[in-house]
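Everything on this sheet refers to the single structure shown next.
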Amino acid sequence: MKLATLKRGGRDGTLVVVSRDLARCQAVADIASTLQQALDAWDAVAPRLAAVYEALNNGAARHAEPFDPRACHSPLPRAYQWADGSAYVNHIELVRKARNAEMPPELWTDPLMYQGGSDSFVGPCDPVWACDEAWGIDFEAEVAVITGDLPMGATPARCAQQIHLLMLVNDVSLRNLIPAELAKGFGFLQSKPASAFSPVAVTPDELGDAWRDSKVHLPLVVALNDQPFGKPDAGMDMIFNFAQLMAHLAKTREIEAGSIVGSGTVSNKQGGLFGSLVANGGVGYCCIAEVRMYETIEEGKPRTPFMRFGDRVRIEMFDASGASIFGAIDQQVERYATS
C-alpha cells in the first residue's frame, strides 16, 4: 500500500492512504491520525489501512479526494531517528581517490553511518533553503526505509522483517561546510540541513520483484534543471543492504518504530566521467559531488558548479510500466531570509 501525510491537522500532519496511481487519497483518522501512530501499532493497523487501499484502487472508497503531492509533508514530518548509511562504497572510493587518499579496507565490511537531524524534515515540494550559495549546495538522491521496533543486537534476518515502508530521500549536503566540520572529529551538523522525503511511502510488496535481498532493484531517476542527470540502479553496487544497515545501527541500541534508515547516495561503478554521463549513454549520478570527483580525477580540477538559487532538482523512481512509485521529490533552491 501507499501512505502519505498531508499538511493539515497539526505539526505531524494527517495520514492518508494513497491509490496506487497516486491520483486519489483518503484520510483514515478512525484508524490512525498520523503515520507515527500507525507505526506504533503496525501489526494491528496495517490490515485496516490495506483495506482502505484496496477500496481506493477499486474505486469503492467513500471519502476519497484528489491527491496533490504539493500538499504533502514528508511521510514522517519528524522522526525519532534518522540514520543515513553509505551502502554504495563506490561513492566513498571516488571521494578518496579525488584527494589521493587510501581506501580503508574495513569500509567493504563495516558500513559508514551518521545520525542526521530528525526533528524537522521538509516536504517533497518545499524549497531547499540556504543562506549562501558559497556553502556548496548539493542534492543526494537516496532510498530509505522506515522500521518497526527492534531489539539491540538484532540480526540482519530479523531486521529484514521489520522493514515496514520505503521512501526516496534528498539528503541535502552543504559541501563547502563539510571539511571544517569533519576536521573537528565529531561529524556532520551544520553541513547537513533538513532532508526531504518522497510524497509517498510504500510497503515493500508494492515493488514486486524489484524488492529482493532487502534492496530496491530499480533506477533512481534524477533531473537537474529539467535535464537528465542520473539513473543509476539502486540495487546494483549496494554493498550493504537495508537489513545489514539496520543491524549495524542496532548493534548497541534498540531501534524504535518510526526510525528512518537511509542508503546513502545511490552510485554505480562506471568507467570514468565521459562514458558515465547520461548524455553519453551512461547512468549518470545522484549528486553533483560525484561529477566533480571524476572531473578532478580526469581533468585536474572540478568544473561543474554546485546548486545556485533558482536551480531545481527532481528525484523519482518508476516501475516496469513507467508509473511513478513514490511520487517525485521536486525542490528548488531558495534563499532563506534571516532576521
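The values are calculated or read from the model by the stated rules, or taken from the named source; none is laboratory data. It should be emphasised that the depicted structure is a prediction, and the values quoted were computed from it without experimental measurement. Here the Cβ is made from the backbone with ideal geometry for all residues, glycine too, and neighbour counts use every protein chain on show. With ligands, DNA and RNA removed, areas are computed over all heavy atoms of the protein, side chains included. Shrake-Rupley method; radii C 1.70, N 1.55, O 1.52, S 1.80 Å.
General observations
- Net +/- balance of residues flanking Leu218 in space, Cβ distance below 12 Å, scoring K and R +1, D and E -1: -2
- For region 245-339, the average shadow cast by the Cα convex hull is 11.0 nm², which is a quarter of the hull's surface.
- DSSP H segments from the chain that extend 18 Å or more along their own axis, Cα-based, with Kyte-Doolittle mean of -1.0 or above: 42-58
- Ordering of 119-125, 43-49 by packing is 119-125, 43-49, highest average first (other Cβ atoms within 10 Å, averaged per residue).
- The portion of the accessible surface of the chain made up by carbon and sulfur, rounded to a whole percent, is 50 (1.4 Å probe; DNA, RNA and ligands excluded).
- Relative intensity, log₁₀ I(q)/I(0), of region 187-229 from a Debye sum that treats every alpha carbon as a point, q = 0.16, 0.17, 0.25 Å⁻¹: -0.74, -0.80, -0.96
- Neighbourhood charge, 9 Å Cβ-Cβ cut-off, centred on Ala323 and excluding it, Lys, Arg +1 and Asp, Glu -1: -1
- Note on region 229-300: the alpha carbon radius of gyration divided by the globular reference 2.2 N^0.38 Å gives 1.41.
- Packing-based order for 166-175, 292-301, 88-97, 105-114, using average beta carbon neighbours within 10 Å, highest first: 166-175, 88-97, 292-301, 105-114
- In terms of the mean number of neighbouring beta-carbon atoms within 10 Å, the peptides 206-212, 261-267 order highest first as 261-267, 206-212.
- Square roots of 5 times each gyration tensor eigenvalue, C-alpha, the chain, largest first, Å: 32, 22, 20
- Full extension of the chain between Cys131 and Met103 yields a length gain of 6.7 nm, computed as 0.36 nm times the residue separation minus the alpha carbon distance.
- Over all other residues within a Cβ to Cβ distance under 11 Å of Ala144, the charged ones net out to -3, with Lys and Arg as +1 and Asp and Glu as -1.
- Within the same chain, lysines fewer than 8 places from Lys215 are excluded, and of the rest, those with a Cα less than 27 Å from its Cα are Lys2, Lys97, Lys192, Lys231, Lys251, Lys269.
- Normalised contact order of region 149-221, rounded percent, pairs of Cα under 8 Å and 6 or more residues apart: 30 percent
- When the Cα convex hull of region 137-234 is projected onto planes of every orientation, the mean area is 8.4 nm².
- Rel. contact order, % - alpha carbon contacts under 8 angstrom, at least six apart, the chain: 22 percent
- Across region 72-229, Cα-Cα pairs farther apart than 28 Å form 25% of the total.
- 15 Å tail of the calculated P(r), region 69-150, as % of Cα pairs: 72 percent
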